[in-house]
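Shown next, in structure tokens, is the structure this report addresses.
Every number in this text was worked out from the coordinates using simple rules, so none of it is lab data. Note that the structure is a prediction, hence the values are computed from the model and not measured. Reconstructed Cβ throughout: ideal geometry from the backbone, glycine too, with neighbour counts over all protein chains shown.
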């Protein structure tokens, strides 16, 4: 429920969002989600925001994050998994679920702040910002951690998009292998499209198909990761399936989209609405992030994110070797 006291903070967040959406035309290399986060962090650390804005900002940072997940579900289609050959699908499944296991293990061993480490790992394993947004409400109580994780994952996704095509041209990988490396490791769909088509159209098409199959693993990945992070609790197996309403809605919508051939304008429109709502959430979250906390958590998050990205590349290469034998 939106209370009267929330309106000032909500309108303040929307006003910033309008500036963000206009700015995307000038900073086309940044999407509105990341730009919103950056605007929020800068404004939150340079402008004294009135205390009575805080309830509305908190509402936008939590409820809009949950709502965005429901709309983003329209962009996930399980049929993409069926379009891959069985060998490619085995590699992708192996990489995703292995990295989730490694994330939980390393976050504890490296003393990476658990929420930041988990969010970075989940975003790295599956689909960047959207995966972080989907996981955050169920495991995260500190909204600053979401901002740190988003920044880390987007940074390495951009670096990977620029560097991997250059590295791949130096090795004699086949088109399928190059596609698996790009589609199986880069963080967002945009990263994969940028890197794949920079090499060849064929690699671009195949790496995108592989990436979409990886995105389709978001729902089972959420259930699996929630179990991994809460398995030491007193919950029985039935309680582990008691997901928040937005995750059940997310899963239900992905199943409907996969079974029924919904009109493309409906799919694209819902996905776009999800990105807009997520932009609102990222602005609100950014407004609560302090530079001091960003630097403190960000250092560990950067090291952790880089390590996971390297491990992910090795997992793909291991997948090649296992299927050759």
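Restricting everything to alpha-carbon atoms, can you work out Rg to Rh for the range 88-200 with a Kirkwood hydrodynamic radius?
On the way: Rg = 14.7 Å, Rh = 14.6 Å.
Radius of gyration relative to Kirkwood radius: 1.01.
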Residue with peak Gaussian network fluctuation, the chain [Cα springs, cutoff 10 Å], from 51, 166, 37: 51
Per principal axis, descending, Cα span of the chain in whole Å: 63, 51, 45
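How would the range 1-74 be classified by its alpha-carbon gyration tensor: rounded, prolate or oblate, with rounded meaning a/c under 1.5 and the a/b versus b/c comparison settling the rest? Can you show the working numbers first?
Working: a/c = 2.28, a/b = 1.19, b/c = 1.91.
Since a/c reaches 1.5 but b/c is at least a/b, the shape of the range 1-74 is classed as oblate.
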Percent RCO, i.e. relative contact order, over the chain, from Cα pairs under 8 Å lying at least 6 residues apart: 36 percent
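Given axes a ≥ b ≥ c from the Cα gyration tensor, I'd like to know whether the range 268-312 is rounded (a/c under 1.5), prolate (a/b larger than b/c) or oblate.
Working: a/c = 7.22, a/b = 1.42, b/c = 5.09.
Oblate.
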Residue order, fewest to most surrounding Cβ atoms within 10 angstrom, among 150, 110, 282: 110, 150, 282
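How much length is gained if the chain between residue 314 and residue 201 is pulled fully straight, taking 0.36 nm per residue apart and subtracting their Cα-Cα distance, in nm to one decimal? Mind dumping the intermediate values first?
Working: separation 113, 0.36 × 113 = 40.68 nm, distance 2.49 nm.
Roughly 38.2 nm would be gained on extension.
Quickly estimate the mean residue ellipticity at 222 nm for the chain, helices only: each DSSP H run with n ≥ 4 gives -39500 (n - 2.57), and the total goes over all residues, rounded to 500.
Numbers: 16 runs with 255 residues, N = 325.
Only helices count here, giving -26000 deg cm²/dmol.
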Residue order, fewest to most beta carbons within 10 Å, for 268, 145: 268, 145
Two-site FRET efficiency, residue 306 against residue 272, from Cβ-Cβ distance with R₀ of 25 Å, rounded to 0.05: 0.20
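Please state the shape class of the range 50-135: rounded when a/c is under 1.5, otherwise prolate if a/b exceeds b/c and oblate if not, all from the C-alpha gyration tensor.
Working: a/c = 5.28, a/b = 1.45, b/c = 3.63.
Taking the square roots of the gyration eigenvalues as a ≥ b ≥ c, the range 50-135 is oblate.
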Spacing of the two label points (7 Å from each Cα toward its C-beta) at residue 166 and residue 86, in nm: 4.0 nm
Most fluctuating residue given options 211, 275, 63, as computed from a GNM of the chain linking Cα atoms under 10 Å: 63
Exposure proxy order (Cβ contacts within 10 Å, fewest to most) of 126, 49: 49, 126
Added length on full extension, which subtracts the Cα-Cα distance from 0.36 nm per residue, residue 54 to residue 255: 68.7 nm
Highest-MSF residue in the chain out of 115, 258, 172 [GNM, Cα springs under 10 Å]: 172
